[in-house]
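Peer 1: Pasting a structure below so you can have a look.
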Amino acid sequence: MQKHYDVLVVGSGVSGLNTALSIDPKFSVLLICKKDISLSNSSLAQGGIASVWDRSCDSPQQHFHDTFVAGGYQNDPNAVAKLVHFGPQAIYQLIHYGVDFDKTADGKEHLTLEGGHSHPRILHHKDATGAELVDKMVCAAKQQKNIEILEYTYLCEISKSGSGFAFDLLQSDGSHQFATSQFTVFATGGIGRVYEYTTNSAIATGDGIAFAHAMGAKIQELSWIQFHPTAFAHKDRERFLISESVRGEGAWLLNCKHERFVSKYDPRGELAPRDVVSHAIILESQRLHSEEFYIDITRENPDYIRGRFPMIYQHLLEAGFDMTKDQIPVFPCQHYLMGGIAVDLHARTTVDGLYAVGECSRTGVHGHNRLASNSLLEAVVFSKAAAEDINQKLNTFSYPPVPPADFHPETRTNQLDTGLRTEIRSIMQETYFVIPQYSQIPAGYQRVREILHHLNTANIAFDPNYIEARSLATIATIILKEVLDTQC
């Protein structure tokens, strides 16, 4: 007999972990992740988490306003209001998990400033806030008897079954485990690997969005992609992020002539929102016919830099750069997704019983461009809302047994052509980067549709490469179709 869980959580970043931790302990939770539980986009988050923590100089109304300005006034006001109202409660929850935010000399939480914020309101743990959150939340999850964790486990297939869900899990030894759940929460993160260069981890292939789309869930504004202006410019596909907070602490951006230039494009200069700064870099690149740009914080106190940004400092040092002495080469790359699986204020999707939280969801908080450090806050606030809604339903209603899974992945035998993933990334990088190349998008869309059709019909064996390739092709197709539709 197949095992049944009250809740399946797919993804082990902050939103997935907080969902699992917020489920009533009398209900069973299965949390799965594709790799080690500590590997997620959340764990890569450097800058911090935004919240109105000092009301003597800040207010929820100002946080609301800054979020709308950064989002191009295309945000959902109810979602933003929920975010800023529950922000302090989210911080208290993280402190309860043991998260150690940096303090000032008098013992108060240190608040820093980042681009787009009108006041210092970013709580942080050095320059590795995401890793601190994930570490403490993983420890808390492992202590909960109702939470079962499966690492190195891929969601292979999932479908509605009765009032719940049936699913097939592919485990590291190649075996399949079939199970059911009453509720499912996708917390699968971003889509970074659909691009050649991204700050995202290797697992960010948009799986949850692809599965939700296959089940008929509404996908909204998937083309609203944020390109971070200051990724460390080297050849690796996964590019190390030079945090927003480096500019917040006084760094300058320089062109190939080692001149400041951002103020020519926006009066806010280096502290303009990310999309503005990325556009400025691309326009300056076109003007000077060069992709050579630098971030420079060498005029600040070296000891302060090393203490404030120890992870960034050490990583750059290993790459041959001393940020206290050297100008660091940077260039925009894919960073974050504002759209995704459409959800309401309780993180409910349009599929009954299916929830989406974190970067894979479209809450409406971010509008067309995410305000720095709002992502971790969104992850905590809306995952808590999802868990509370699930708790209320499980405590109120009696559900019939969920019919068992009926999948047959072992009948697939052909092997994936791994070059298809490379081709998808190349198409997206060339057609839909910071400033889209609209004339090239129709041909790119036609090709990714062909790739997706091939993946869906070629009887290819279910393995991690195939699952992720299918997700990437689905994501690329949705994005380019959405762009074409908005151009018509």
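Peer 1: Taking Ala372, is it within 26 Å of Ala166 (Cα to Cα) and either open to solvent by less than 10 Å² (accessible area, probe 1.4 Å) or modelled with pLDDT of 95 or more (or both)?
Peer 2: Against the criterion (within 26 Å of Ala166 (Cα to Cα) and either open to solvent by less than 10 Å² (accessible area, probe 1.4 Å) or modelled with pLDDT of 95 or more (or both)), Ala372 does not qualify.
Peer 1: How many residues does segment 52-84 contain that are under 23 Å from Ala386 (Cα atoms) and open to solvent by 30 Å² or more (accessible area, probe 1.4 Å)?
Peer 2: Final tally of qualifying residues: 6.
Peer 1: Any idea which residue in segment 255-272 is modelled with the lowest pLDDT, counting only those that are touching a strand residue (DSSP E or B) at 6+ places or on another chain (Cβ under 6 Å) and open to solvent by 10 Å² or more (accessible area, probe 1.4 Å)?
Peer 2: In this case the residue turns out to be Glu270.
Peer 1: If we only count helices (runs of 4 or more DSSP H) wholly inside segment 270-370, which ones have 1 or more residues that are more than 28 Å from Ala202 (Cβ to Cβ) and among the acidic types (Asp, Glu)?
Peer 2: Fully inside segment 270-370 and qualifying: 274-288, 302-308.
Peer 1: Among the hydrophobic types (A, V, I, L, M, F, W, C), closer than 20 Å to Glu359 by Cα and modelled with pLDDT under 95: is that true of Ala131 in this structure?
Peer 2: Judged against the criteria, Ala131 is a match.
Peer 1: Also, quick follow-up: Among the residues of segment 92-112 satisfying the criterion of being surrounded by fewer than 19 Cβ atoms within 10 Å (Cβ to Cβ) and among the aliphatic types (A, V, I, L, M), which is nearest to Arg370 (Cα to Cα)?
Peer 2: Applying the filter and picking the extreme gives Ile95.
Peer 1: Being in contact with an Asp or Glu (Cβ under 8 Å, 6 or more places away or on another chain), under 15 Å from Thr230 (Cβ atoms) and hydrophobic (A, V, I, L, M, F, W, C), is that true of even one residue in segment 320-336?
Peer 2: Yes; the residues of segment 320-336 include at least one that is in contact with an Asp or Glu (Cβ under 8 Å, 6 or more places away or on another chain), under 15 Å from Thr230 (Cβ atoms) and hydrophobic (A, V, I, L, M, F, W, C).
Peer 1: Within segment 214-223, identify whether any single residue is open to solvent by 20 Å² or more (accessible area, probe 1.4 Å), part of a strand (DSSP E or B), in contact (Cβ under 8 Å) with a residue 24 or more places away in the chain and closer than 20 Å to Leu480 by Cα, and answer yes or no.
Peer 2: Within segment 214-223, the subset open to solvent by 20 Å² or more (accessible area, probe 1.4 Å) is 214-216, 218-221.
Checking which are part of a strand (DSSP E or B) leaves us with 219-220.
Now narrow it down to the ones that are in contact (Cβ under 8 Å) with a residue 24 or more places away in the chain: 219-220.
Filter again for closer than 20 Å to Leu480 by Cα, leaving 219-220.
Yes, the conditions are met somewhere in segment 214-223.
Peer 1: Could I ask something else about it? With Ile478, Ile441, Ile467, Ile435 as the choices, which residue is in a helix (DSSP H, G or I), out of contact with any strand residue (DSSP E or B) (no Cβ under 9 Å at 6 or more places or on another chain) and either open to solvent by 30 Å² or more (accessible area, probe 1.4 Å) or of a type in the set (A, V, I, L, M, F, W, C) (or both)?
Peer 2: Ile441
Peer 1: A follow-up question, please. Does segment 169-184 include one or more residues that are under 12 Å from the mean Cα position of the chain (by Cα) and polar (S, T, N, Q)?
Peer 2: no
Peer 1: What about Ser15, is it of a type in the set (Gly, Ala, Ser), in contact (Cβ under 8 Å) with a residue 60 or more places away in the chain, surrounded by 16 or more Cβ atoms within 10 Å (Cβ to Cβ) and touching a strand residue (DSSP E or B) at 6+ places or on another chain (Cβ under 9 Å)? Give the steps one after another, and end with the answer.
Peer 2: Values: of a type in the set (Gly, Ala, Ser): yes; in contact (Cβ under 8 Å) with a residue 60 or more places away in the chain: yes; surrounded by 16 or more Cβ atoms within 10 Å (Cβ to Cβ): yes; touching a strand residue (DSSP E or B) at 6+ places or on another chain (Cβ under 9 Å): yes.
In short, yes.
Peer 1: With the structure loaded, tell me whether Asp173 is surrounded by fewer than 21 Cβ atoms within 10 Å (Cβ to Cβ), among the charged types (D, E, K, R) and outside any loop (DSSP other than H, G, I, E, B) or whether it fails that test.
Peer 2: The answer is no for Asp173.
Peer 1: Wholly within segment 5-89, which helices (runs of 4 or more DSSP H) include no fewer than the required count, namely at least 1 residues that are out of contact with any helix residue (DSSP H, G or I) (no Cβ under 9 Å at 6 or more places or on another chain)? So that I can check it myself, show each step before the final result.
Peer 2: Numbers: elements: 14-22, 41-44, 60-70.
In segment 5-89, 60-70 are the helices (runs of 4 or more DSSP H) which contain 1 or more residues that are out of contact with any helix residue (DSSP H, G or I) (no Cβ under 9 Å at 6 or more places or on another chain).
The values are calculated or read from the model by the stated rules, or taken from the named source; none is laboratory data. Computed from a predicted structure; not experimentally measured. Glycine gets a Cβ as well: all are built from the backbone with ideal geometry, and neighbour counts include every protein chain shown. To get the accessible areas, we keep the full protein, side chains included, count just its heavy atoms, and leave off ligands, DNA and RNA. Shrake-Rupley method; radii C 1.70, N 1.55, O 1.52, S 1.80 Å.
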